[in-house]
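Written below as structure tokens is the structure these notes are about.
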Protein chains: 2
Amino acid sequence: MKKYKKQDEYSYTLGTTLTMELLNKKVEYVKRVYIHSKLEKNDTYYKMTDICNKNNIEITLSDKTINTLSDKENCYMIGVFKKFEESINYNYNHIVLVNPSNMGNLGTIIRSSIGFGINNLVIIKPAVDIFDPKVIRSSMGAIFNINFKYYDTFNDYKNECNNRDFFPFMLKAKTNLKDKVINNNYYSLIFGPEAQGLDDSYLSVGTPLIIKHTKNIDSLNLDNAVSIALYEFTKDSSF
Amino acid sequence: MKKYKKQDEYSYTLGTTLTMELLNKKVEYVKRVYIHSKLEKNDTYYKMTDICNKNNIEITLSDKTINTLSDKENCYMIGVFKKFEESINYNYNHIVLVNPSNMGNLGTIIRSSIGFGINNLVIIKPAVDIFDPKVIRSSMGAIFNINFKYYDTFNDYKNECNNRDFFPFMLKAKTNLKDKVINNNYYSLIFGPEAQGLDDSYLSVGTPLIIKHTKNIDSLNLDNAVSIALYEFTKDSSF
């Protein structure tokens, strides 16, 4: 087993917590679990062996493989899984990320989206690879709860999913986030790339919204902007 | 010049953008600017030399120093500054971080705080060092706009600043963030350490608030939680 590359058919979870999340949520895609000789035989260990036995998943003891795949010292369990298919639920709200380039941000955004009950993520290419072990780690396993789909262009997505309100988040928008009005059954919250934000073409898409801030910063961090939007749009939900 | 250590009297900004922010905001603390032989002589370069000349700041060309201090290839300017004094404005709103341990989070929180106009930050020890170059970098220079002060305990802070509403953010809180009521002229938003959150003793401090989320995640990322709180508390301000 070699370090992950984008074109690989398989990816993996680094560490016990993430691997247990994988086994609990996407067991049908798990190919193998690697364990380290230092792994303690505690409750979690027996839960893991139980799941693996029931699902015919091979458990391989290999310190060498774990040391090859993980940069951290205290990683004692790795789950190898087949990358699962992409699909989103059209009859639901979406988060849309246009050209996200930071793996840590993508993982944190997935975690926040799941936290606020929006389990469908659209990613417009070019973009980082959602299956990169770094994204999986920063999502803290939330990736195994989300539906997602990559599109080549925003228009491809829009043509496929037009049963909704579109809200692009832009510094040039005229409507304040807090004054948003939802007209359709569903909505999509759209965010641009980390450095530049959405380009001006999005000013004519749906109702652009702005999260007002002082002039002392250029912009909010992408995952903070997404979290604020998620909060405002879902704050009347009963979680 | 050696790599930064917490006990050092000086710290530094890595890169042109941060160094210009330092020169614009805290010039009186700047001791020296290091430049790399690859630095282009563009507008920013002349602005930098102009500020340095006017303020008697030495400019030293040293690729070796820059390579020693920076892990990144394209860092061509470093500003060395004396760590400035700690102070907060008592007659203002505060963000209070109890035992923050992640440097990236601290920097991002500073950036968001400045973004929402709360320029006073209280940090309860033990905590990461705000002057670490990694914090400075992730704040994108917002650190040069913020007042901050470290306290040994939360009670030390509370005894010094009791002219305000205290809002600890806790999963055990009974009041929803959106239902907050502000009674005093000023308020403090209080957040616990990344992994554990605030301990139960904070349930009796002011009005604990919760940012409701689904059970599919354990908690929100700290900087996302702070950003959401900042948004909700300041959304009627005119930025």
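Nothing in this text is a laboratory measurement; each read-out follows from the coordinates by a stated rule. Just so you know, these numbers come straight off a predicted model, no measurement behind them. As a convention, Cβ positions derive from the backbone with ideal geometry for all residues, glycine included, and neighbour counts pool all protein chains shown.
Structure values in brief
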| read-out | value |
| --- | --- |
| Using distinct alpha-carbon pairs, which all enter the 1/r mean, Kirkwood radius of the stretch A:155-225 in Å | 12.9 Å |
| Over the protein assembly as shown: helical MRE at 222 nm, DSSP H runs n ≥ 4 each giving -39500 (n - 2.57), nearest 500 | -8500 deg cm²/dmol |
| Candidate aspartates and glutamates for bridging to A:LYS3, where Cα separation is under 18 Å - those fewer than 8 sequence places away on the same chain excluded | A:ASP63, A:ASP71, A:GLU73, A:ASP129, A:ASP132 |
| Label 7 Å beyond Cα on the Cβ vector: B:TYR10 copy-to-copy distances, nm | 5.2 |
| Segment B:LYS5-B:GLU28, extension gain: residue separation times 0.36 nm, minus the distance between their alpha carbons | 6.1 nm |
| By average C-beta atoms within 10 angstrom, highest first, the peptides A:196-202, B:191-197, A:56-62 | B:191-197, A:196-202, A:56-62 |
| Chain A: antiparallel DSSP beta bridges as a percent of all, rounded to 5 | 30 percent |
| Among beta bridges that DSSP assigns inside the protein assembly as shown, antiparallel share in %, nearest 5 | 30 percent |
| Percent of C-alpha pairs per 10 Å bin, the stretch A:94-234, short to long | 12, 46, 35, 6 |
| Nearest-0.05 FRET efficiency for A:THR214 and B:ILE59, computed from C-beta distance (R0 45 Å) | 0.90 |
| Tilt relative to chain B, helix B:103-115 - C-alpha long axis, 0 to 90 degrees, to 10 | 80 degrees |
| Over 27 Å between alpha carbons, listed pairs B:LYS134/B:LYS174; B:LYS83/B:LYS172; B:LYS31/B:LYS134; B:LYS47/B:LYS83; B:LYS174/B:LYS235; A:LYS5/A:LYS25 | B:LYS134/B:LYS174; B:LYS83/B:LYS172 |
| Residues listed by number, the stretch A:134-175, amide nitrogen under 11 Å from A:SER201 label point at 7 Å toward C-beta | A:153-156 |
| Number of partner chain Cβ atoms within 10 Å, mean per residue of A:139-148 | 2 |
| Other-copy label distances relative to A:LYS64, 7 angstrom Cα-Cβ extension, nm | 4.3 |
| Reciprocal mean inverse distance between Cα atoms of the stretch B:192-239 - Kirkwood radius, Å | 12.5 Å |
| Whether the stretch B:45-104 is rounded, prolate or oblate, judged on the alpha carbon gyration tensor where a/c under 1.5 counts as rounded | oblate |
| Peptide-level mean, for A:205-217, of C-beta atoms on other protein chains within 10 Å | 5 |
| Whole-angstrom gap from the stretch A:1-79 to the stretch B:18-86, using each part's C-alpha centre | 46 Å |
| Rounded FRET efficiency, nearest 0.05, which uses the C-beta distance separating B:LEU171 from A:ASP50 and R0 of 30 Å | 0.50 |
| Cα-based helix-to-principal-axis angle, A:222-234 vs chain A, degrees rounded to 10 | 70 degrees |
| Residue with peak Gaussian network fluctuation, chain A [Cα springs, cutoff 10 Å], from A:LYS180, A:LYS64, A:LYS134 | A:LYS64 |
| D_trans [Stokes-Einstein, Kirkwood Rh over alpha-carbon pairs] for the stretch B:10-82, 4 °C, 1.567 mPa s, µm² s⁻¹ | 109 µm²/s |
| Value of D in µm² per second that Stokes-Einstein yields for the protein assembly as shown, Kirkwood Rh from Cα pairs, at 37 °C (0.692 mPa s) | 135 µm²/s |
| 7 Å along Cα→Cβ, label-point gaps from B:LYS178 to other copies, nm, shortest first | 1.4 |
